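S.K.: Supplied in structure tokens, the structure appears directly below.
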Amino acid sequence: MRRIHLAFALLVAAIAAAFAPPARADGFLIPTRPDRRVRGDWAVTYHRVEARVDGQKARVRVDQEFLNLGHGPLEAEYVFPLPVGAMVEGVTLMVDGKPMEGRLLRADEARRIYDEIVRRQKDPALVEYVGRDFFRASIFPIPGGGTRQLVLQYEHLLVKDGETVEFLYPLNTEKFSARPLRDVRVAVDVTSATGVGAVYSPTHDVVVTRPDGRSAKILFEAKEVRPETDFLVYWGEAKGDVGAALLTHWPRGEDRGYFLLLASPTLSDDARAVARSKDVTLCVDVSGSMAGVKMEQTRAALKQVVAGLNDGDAFNLIAYSNGVIPLWDAPKRVTPDTRKEAMDFVETLRAMGGTNIDGALQLALRQPPTDGLPRLVLFLTDGRPTMGETTDTDEIVKRAAALNKDGKVRIFTYGVGVDVNALLLDRLALGNHGVPTYVRPAEDVERKVASMYDKMRFPILTDVRVDFGGISPSEVLPGSAPDLFRGGQIVLAGRYRKGGPADVVISGRDGEEGREFHYKMSAGAEGQGLRDDFPARVWAVRRIAELIDQIRISKRQDRELVDEIVRLSTRFGIMTEYTSFLADETVDHGRIADNRVRAGEELRRSLADAESPDAGGFAAGANQSGRRGAEKMPAPAASPPPAADSAPGGAARAGAGGGTGGAVGAPGLLKASGGKRDVEALELGANLRQVANRAFYKRAGVQSKSYAWVDAEVKDQGKVDEVVQRWTPRFYELLATTTSDENVRLSQEGDLLLLLAGRNVFVTDDAPVGK
């Protein structure tokens, strides 16, 4: 610990202000008076972070502004939970020309002081940070309605696992802010002597730019949000044009671990990418239901794709309604004349008639190939097959497969609106090395089609194969690696049986040339690897999608498949439209047999919906598309509604989710609306939380309470080994034995039933019965 000298503090502030763009910080205020709450009296207006990373050494600058929401002055302490081993370099809070002084406290001393704070404030959310290093400083009183800006800078040696570097920023303390933050920004500039390979954040949607092969800029920005999840990002080494990273997690007691293999292009943003020539056929639905805005957007999308074709490409357009009308009998090479013909053809398209999906597919697949160019079919429809030689889903798929026996044609399907046959579009795309995409009525068709095609213009590696180097992988999803395009990323999730060194090989084709990339990696053995379980949860989301696909395609339920869906949904808190009932307060998630029956009923209804003329098929297709391509943990839980004594202006206070694993449900989960002609979001967050790698369910009647939050690992919610009242000596004895993850779980408000050291422990604010 050390005092910050005034001159040094001013120098740090001046230098930082001169070179640093806006950054973001993550400390919180604790009022010094016990009658003032930790939450509700203050808010953070902005939160900005800048990190510069050279190899494994990170220098982090934090800048945030606090606002006193009350009318009187606020006296408080500033607490900043630090990453393990971090060293504070400088901190500045200027008030009337005076700097703030603070202390860096390591875990032992911090524990004693922080325990006193927890005892004084009696706020469950504070429990999360018990046992952490932190920086502590007394804030000069903030006048009513006034603000104070704080700038903090620290250095940190980053964790490295094999060839993968981890950067963690403790962002989730902003849940204490009584209002959403006006703006949040995290910028991480990475430089590595060996080059920066695949970049991946399991927690936030980041934008990655590459000034050159040895550096990367990682940026997250948001407005009007209350961050409740720590910021986590990984990057691996670079190997030529493709960088890769292997992230593993092997829980103790399990016979296998979980992995994510990441691969992405490492070309700098100004590098010239080779646009490989290809044969593209655009099949567009011009049936009567496409009239209006959809037709206008589709014309714009077609024009954008045609304009973006590269020299050397061949292409054709096929419009279909009752019949099938091609632009040409066979694809033609791109020239100024053929482009103009295509643009004129697009202008003539009018929406009328039925939907001849089979005829359009047959014509597209029967076209002669163009000089051996790779062939792509972009197939867009807003309806179900109503015309042609067959309208039967199975027969359409079978006829398409017969014409594409060698698998050389990749079919990308686009389902527009809620009337599509999602099962048909899924099977056409997935069975022909493509991807299904779904466009909701309010979404822009032009943007969806054009953005997908823009990636296809610059393939880096096609026909990708991965040799996992002896880790004995199983259940790898997707089953075959997708093509790698510029600006894209391959994420493979799976299980594995052998930890230790792994010589991973990624191979494929660059045009007509075969290429291989070799990586020295390592996989954690049992109890090793990443502390966070997001590789397991990403795999679980994809595994659920695979199981549902098997049921949908076979059109029959297999008991083992349904059991596995229920088990994974329960354990990881990953709800589907078929298991959303698990979020019901009256359901006991430990009764797998009963829950399998209920899930079976929902699946049976979904099989009927999949090909019926309502929104059920679209919702199922869109949900499946999201699950198959899941690359992150489920989205963070929404905060609960404001408490009755909330902050001025009715500002909501954040819920106690938090931790690096704070997430709920499946993002964007849809269901058919009551009218069956539209879709709506399926709300699950009120009764389900994901807290520190564990699902919690809101359950009624536990220990005679109106409700309690029950740990998914609790197999019998009627069995309680111990009841512990918060803030009693026994509660603090319990805290002295818990891990950091268990502290996060204990930081939830309300009654909790948790599995701790193999025992069911019920934590409550009330005294045990009879005492």
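S.K.: If you scan the range 591-615, which residues turn out to be charged (D, E, K, R) and at pLDDT 80 or above? Quick ask: steps written out before the conclusion?
M.R.: Of the range 591-615, the ones charged (D, E, K, R) are 591, 594, 596, 598, 601-602, 604-605, 609, 611, 614.
Matches in the range 591-615: 591, 594, 596, 598, 601, 602, 604.
S.K.: Can you name the condition, by its number, that residue 517 falls short on among (1) within 21 Å of residue 629 (Cα to Cα); (2) part of a strand (DSSP E or B); (3) among the aromatic types (Phe, Trp, Tyr)?
M.R.: Result: residue 517 fails condition (1) only.
S.K.: Just to check your reading of the model, which residue among 464, 491, 504 is under 19 Å from residue 407 (Cβ atoms), touching a residue at least 40 places away in the same chain (Cβ under 8 Å) and β-branched (Val, Ile, Thr)? Break it down into steps so the answer makes sense when it comes.
M.R.: Values: 491 fails: under 19 Å from residue 407 (Cβ atoms); 504 fails: under 19 Å from residue 407 (Cβ atoms).
The conditions single out 464.
S.K.: Just to be sure I understand, how many residues within the range 125-171 are over 19 Å from residue 88 (Cα atoms) and in contact with a strand residue (DSSP E or B) (Cβ under 9 Å, 6 or more places away or on another chain)? Outline the logic, then answer.
M.R.: Going through the range 125-171, the residues over 19 Å from residue 88 (Cα atoms) turn out to be 125-128, 130, 140-148, 160-166.
Subset that is in contact with a strand residue (DSSP E or B) (Cβ under 9 Å, 6 or more places away or on another chain): 126, 128, 140-148, 160-166.
Selection size over the range 125-171: 18.
S.K.: Could we say that residue 380 is in contact with a Cys (Cβ under 8 Å, 6 or more places away or on another chain) and not charged (D, E, K, R) here? Step through it out loud before you land on a result.
M.R.: Details: in contact with a Cys (Cβ under 8 Å, 6 or more places away or on another chain): yes; not charged (D, E, K, R): yes.
Yes.
S.K.: Quick one: in the range 547-603, which of the residues that are of a type in the set (Lys, Arg), in a helix (DSSP H, G or I) and over 18 Å from residue 696 (Cβ atoms) is least open to solvent (accessible area, probe 1.4 Å)?
M.R.: Out of the qualifying residues, it is 552.
S.K.: From the set of residues in the range 131-141 that are in contact with a Lys or Arg (Cβ under 7 Å, 6 or more places away or on another chain) and more than 22 Å from residue 67 (Cβ to Cβ), which is most open to solvent (accessible area, probe 1.4 Å)?
M.R.: In this case the residue turns out to be 131.
S.K.: Being touching a residue at least 24 places away in the same chain (Cβ under 8 Å), open to solvent by 60 Å² or more (accessible area, probe 1.4 Å) and more than 16 Å from residue 277 (Cβ to Cβ) is true for just one of 296, 347. Which residue is that?
M.R.: Values: 296 fails: touching a residue at least 24 places away in the same chain (Cβ under 8 Å).
On inspection, the qualifying residue turns out to be 347.
S.K.: Looking at this structure, is residue 373 among the aliphatic types (A, V, I, L, M), open to solvent by 20 Å² or more (accessible area, probe 1.4 Å) and either in a loop (DSSP other than H, G, I, E, B) or closer than 28 Å to residue 623 by Cα (or both)?
M.R.: On the way: among the aliphatic types (A, V, I, L, M): yes; open to solvent by 20 Å² or more (accessible area, probe 1.4 Å): yes; either in a loop (DSSP other than H, G, I, E, B) or closer than 28 Å to residue 623 by Cα (or both): yes.
It is true that residue 373 is among the aliphatic types (A, V, I, L, M), open to solvent by 20 Å² or more (accessible area, probe 1.4 Å) and either in a loop (DSSP other than H, G, I, E, B) or closer than 28 Å to residue 623 by Cα (or both).
S.K.: Have a look at 161, 212 and point out the one that is in contact with a Gly (Cβ under 8 Å, 6 or more places away or on another chain), modelled with pLDDT under 85, among the charged types (D, E, K, R) and over 20 Å from residue 61 (Cα atoms). Break it down into steps so the answer makes sense when it comes.
M.R.: Details: 212 fails: in contact with a Gly (Cβ under 8 Å, 6 or more places away or on another chain).
After applying the criteria, what remains is 161.
S.K.: Next question, about the same structure. Out of all the residues in the range 330-349, is one or more in contact with a helix residue (DSSP H, G or I) (Cβ under 8 Å, 6 or more places away or on another chain) and assigned to a loop (DSSP other than H, G, I, E, B)?
M.R.: Taking the range 330-349 as the starting set, the residues that turn out to be in contact with a helix residue (DSSP H, G or I) (Cβ under 8 Å, 6 or more places away or on another chain) are 332, 339, 342-343, 346-347, 349.
From the residues that got through so far, the ones that are assigned to a loop (DSSP other than H, G, I, E, B) too are 349.
Checked against the condition, which is being in contact with a helix residue (DSSP H, G or I) (Cβ under 8 Å, 6 or more places away or on another chain) and assigned to a loop (DSSP other than H, G, I, E, B), the range 330-349 yields at least one hit.
S.K.: Moving on. Residues 476, 439: which one is aliphatic (A, V, I, L, M), open to solvent by 20 Å² or more (accessible area, probe 1.4 Å) and either without any contact (Cβ under 8 Å) to a residue 24 or more places away in the chain or touching a strand residue (DSSP E or B) at 6+ places or on another chain (Cβ under 6 Å) (or both)?
M.R.: Numbers: 439 fails: open to solvent by 20 Å² or more (accessible area, probe 1.4 Å).
None of the others qualify; the one that does is 476.
S.K.: Within the range 748-770, identify whether any single residue is at pLDDT below 95 and in a helix (DSSP H, G or I), and answer yes or no.
M.R.: To start, the set of residues in the range 748-770 that are at pLDDT below 95 comprises 748-750, 757-758, 765-770.
Those still in the list that are in a helix (DSSP H, G or I) too: none.
No.
S.K.: Would you point out which residue out of 210, 182 is open to solvent by less than 50 Å² (accessible area, probe 1.4 Å), of a type in the set (Lys, Arg) and not in a loop (DSSP other than H, G, I, E, B)?
M.R.: Working: 182 fails: open to solvent by less than 50 Å² (accessible area, probe 1.4 Å).
Of 210, 182, the one residue that is open to solvent by less than 50 Å² (accessible area, probe 1.4 Å), of a type in the set (Lys, Arg) and not in a loop (DSSP other than H, G, I, E, B) is 210.
S.K.: Please pick out the residue among 65, 75 that is surrounded by fewer than 17 Cβ atoms within 10 Å (Cβ to Cβ), assigned to a strand (DSSP E or B) and modelled with pLDDT of 80 or more.
M.R.: Details: 65 fails: surrounded by fewer than 17 Cβ atoms within 10 Å (Cβ to Cβ).
After applying the criteria, what remains is 75.
S.K.: Given the conditions (1) modelled with pLDDT of 95 or more; (2) buried (at least 17 other Cβ atoms within 10 Å of the Cβ), and given that residue 497 satisfies all but one, which numbered condition is not satisfied?
M.R.: (2)
S.K.: Related question: Residue 308 versus (1) open to solvent by 40 Å² or more (accessible area, probe 1.4 Å); (2) over 21 Å from residue 416 (Cα atoms): which is the lone unmet condition?
M.R.: Here residue 308 clears every test but (1).
S.K.: Scan (1) open to solvent by 70 Å² or more (accessible area, probe 1.4 Å); (2) of a type in the set (Lys, Arg); (3) more than 16 Å from residue 154 (Cα to Cα); (4) modelled with pLDDT of 65 or more for the single condition residue 39 breaks and write down its number.
M.R.: Tallying (1) open to solvent by 70 Å² or more (accessible area, probe 1.4 Å); (2) of a type in the set (Lys, Arg); (3) more than 16 Å from residue 154 (Cα to Cα); (4) modelled with pLDDT of 65 or more, residue 39 fails exactly one: (1).
S.K.: Also, quick follow-up: Can you work out which of the residues in the range 678-720 that are among the small types (Gly, Ala, Ser), part of a strand (DSSP E or B) and more than 17 Å from residue 228 (Cα to Cα) is least open to solvent (accessible area, probe 1.4 Å)?
M.R.: Just the residues of the range 678-720 that are among the small types (Gly, Ala, Ser), to begin with: 681, 685-686, 692, 695, 700-701, 704, 706, 708, 712, 718.
Still in the list and also part of a strand (DSSP E or B): 681, 695, 708.
Pick out the ones that are also more than 17 Å from residue 228 (Cα to Cα) and you get 681, 708.
Numbers: 681: 56, 708: 0 Å².
Ranking the qualifying residues of the range 678-720, first place goes to 708.
S.K.: Within the range 736-763, how many residues turn out to be surrounded by fewer than 18 Cβ atoms within 10 Å (Cβ to Cβ) and farther than 22 Å from residue 591 by Cα? Quick ask: steps written out before the conclusion?
M.R.: Going residue by residue through the range 736-763, those that are surrounded by fewer than 18 Cβ atoms within 10 Å (Cβ to Cβ) are 736-737, 739-740, 749-750, 757-759.
Among the residues that remain, those that are also farther than 22 Å from residue 591 by Cα are: 736-737, 739-740, 749-750, 757.
Qualifying residue count for the region: 7.
S.K.: Just checking, how many residues over the range 505-518 are crowded, with 22+ Cβ neighbours inside 10 Å and either modelled with pLDDT under 90 or over 16 Å from residue 460 (Cβ atoms) (or both)?
M.R.: Qualifying residue count, the range 505-518: 0.
S.K.: How many of the residues in the range 244-256 are touching a Pro at 6+ places or on another chain (Cβ under 8 Å) and open to solvent by less than 10 Å² (accessible area, probe 1.4 Å)? Write out each step before concluding.
M.R.: Step one: filter the range 244-256 for residues touching a Pro at 6+ places or on another chain (Cβ under 8 Å), giving 247-249.
After this cut, where a residue has to be open to solvent by less than 10 Å² (accessible area, probe 1.4 Å) as well, the list is 247-248.
So the answer is 2.
S.K.: Evaluate the range 299-319: report whether one residue or more is in a helix (DSSP H, G or I) and more than 41 Å from the chain's Cα centre (by Cα). Before the answer, list the steps.
M.R.: In the first step, residues of the range 299-319 are kept if they are in a helix (DSSP H, G or I); the result is 299-307.
If we keep only those that are more than 41 Å from the chain's Cα centre (by Cα) too, we end up with none.
Checked against the condition, which is being in a helix (DSSP H, G or I) and more than 41 Å from the chain's Cα centre (by Cα), the range 299-319 yields no hits at all.
Results for (1) surrounded by 22 or more Cβ atoms within 10 Å (Cβ to Cβ); (2) touching a Pro at 6+ places or on another chain (Cβ under 9 Å), shown as yes or no for each residue.
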| position | (1), (2) |
| --- | --- |
| 190 | yes, no |
| 194 | no, no |
| 197 | yes, no |
| 203 | yes, yes |
| 219 | no, no |
| 224 | no, yes |
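The values are calculated or read from the model by the stated rules, or taken from the named source; none is laboratory data. Values in this document were obtained by computation on a predicted structure and should not be read as measured data. With ideal geometry, Cβ positions are generated from the backbone for all residues, glycine too; neighbour counts draw on all protein chains shown. We work out accessible area using only protein heavy atoms, side chains counted, and drop any ligands, DNA or RNA first. Shrake-Rupley method; radii C 1.70, N 1.55, O 1.52, S 1.80 Å.
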